[in-house]
Amino acid sequence: MKFFIDTANLDQIKEAQALGVLDGVTTNPSLMAKEGISGKNNVLKHYVDICTIVTGDVSAEVIATDYDGMIREGEELSELHEQIVVKLPMTKEGIKACKYFSDRGIKTNVTLVFSAGQALLAAKAGATYVSPFIGRLDDVSTDGLMLIEEIREIYDNYGYDTQILAASVRHTMHIVNCAKIGADVMTGPLSAILGLLKHPLTDIGLAQFLADHAKANQ
Ligand code: E4P
């Protein structure tokens, strides 16, 4: 399973990259705003900065909601850097734009997906990635992981190439369960990725090894 980090924070992206397990980055307008990135030139520069830190795909989301605007913005984003993936909302216009970009070999990520039907449409439009938001579904008492299972089954039935990018991941068990179900990618915060490292028995075991080594080498 690929690991993407879901942030526009350059320090966190660098930290995840330094760990050696990072495959890409996802951003969205809220994450960009959280970092105080505003104004078209600053936004575009920030995407390029992210691309220079990581080696994998970097999702950059269009702001336009009409087809022509999405095409204009998406083309500009994709020309920024070869790692850019054009992120499009799961709307009628977004699906049309997804087809436009996939026909031209430009990578896409269809975002804000909350149902299997939406994921089926994204695959038919040739999306590179589909982003079901599992955490936001869990927030409203709906099983986000079950949606990943449904999409996996549908994509496997027909051999769709679209990669299931489990988004809105909140914690380590989301990651582990997505891996068990067969999500192709997960995107989550640095805390969830680093959380995978933790086990008290690892800490106790290491302390014991070091103590025994010190005793033997006094
Ligand atoms: C996906 O690409 C989104 O950026 C993201 O995962 C949303 O997560 P949130 O629900 O934590 O905002």
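The values are calculated or read from the model by the stated rules, or taken from the named source; none is laboratory data. These numbers come from a predicted model, not from an experiment. Quick reminder, even Gly has a Cβ in these numbers, built from the backbone with ideal geometry, and neighbours come from all protein chains shown.
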Q: Determine which single condition VAL58 fails, assuming it passes every other condition in (1) under 19 Å from ARG152 (Cα atoms); (2) assigned to a strand (DSSP E or B).
A: (1)
Q. Could we say that VAL43 is within 16 Å of the ligand (Cβ to nearest atom), in a helix (DSSP H, G or I) and out of contact with any Asp or Glu (no Cβ under 9 Å at 6 or more places or on another chain) here?
A. yes
Q | Filter result for ILE204 (buried (at least 19 other Cβ atoms within 10 Å of the Cβ) and either more than 12 Å from the ligand (Cβ to nearest atom) or part of a helix (DSSP H, G or I) (or both)) | A | no
Q. So ALA64 clears everything in (1) under 18 Å from VAL169 (Cβ atoms); (2) assigned to a loop (DSSP other than H, G, I, E, B) except one condition, right? Which one?
A. (1)
Q) Taking only pairs six or more apart or across chains, which ones have beta-carbon atoms under 8 Å, a first residue in the stretch 1-29 that is under 18 Å from LEU88 (Cα atoms), and a second residue that is surrounded by fewer than 21 Cβ atoms within 10 Å (Cβ to Cβ) and among the basic types (Lys, Arg)? A) ALA8/LYS34; GLY24/LYS2
Q. In the stretch 142-162, which residue that is under 20 Å from GLY105 (Cβ atoms) and over 16 Å from the mean Cα position of the chain (by Cα) is surrounded by the most Cβ atoms within 10 Å (Cβ to Cβ)?
A. TYR160
(Q) Cβ-Cβ under 8 Å, sequence separation 6+ or interchain: first residue in the stretch 57-72 and over 30 Å from VAL21 (Cα atoms), partner polar (S, T, N, Q). Which pairs? (A) THR65/THR91
Q: Mind listing just one residue for me: the one in the stretch 4-34 that is exposed (fewer than 14 other Cβ atoms within 10 Å of the Cβ) and within 15 Å of the ligand (Cβ to nearest atom) and, of those, nearest to ALA166 (Cα to Cα)?
A: SER30
Q: For ALA64, state whether it is more than 16 Å from the chain's Cα centre (by Cα), hydrophobic (A, V, I, L, M, F, W, C) and on the phi < 0 side of the Ramachandran plot.
A: yes
(Q) Being at pLDDT 95 or above, in a helix (DSSP H, G or I) and within 12 Å of ILE148 (Cβ to Cβ) is true for just one of LYS215, LYS180. Which residue is that? (A) LYS180
Q. Can you spot a residue in the stretch 141-156 that is under 18 Å from GLY56 (Cβ atoms) and small (Gly, Ala, Ser)?
A. no
Q | Residue selected from the stretch 101-141 under the condition within 19 Å of LEU77 (Cα to Cα) and touching a Gly at 6+ places or on another chain (Cβ under 8 Å), by the criterion surrounded by the fewest Cβ atoms within 10 Å (Cβ to Cβ) | A | ASP103
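Of the residues that make up the stretch 183-190, is at least one without any contact (Cβ under 8 Å) to a residue 40 or more places away in the chain and surrounded by fewer than 24 Cβ atoms within 10 Å (Cβ to Cβ)?
Step one: of the stretch 183-190, the residues without any contact (Cβ under 8 Å) to a residue 40 or more places away in the chain are none.
No.
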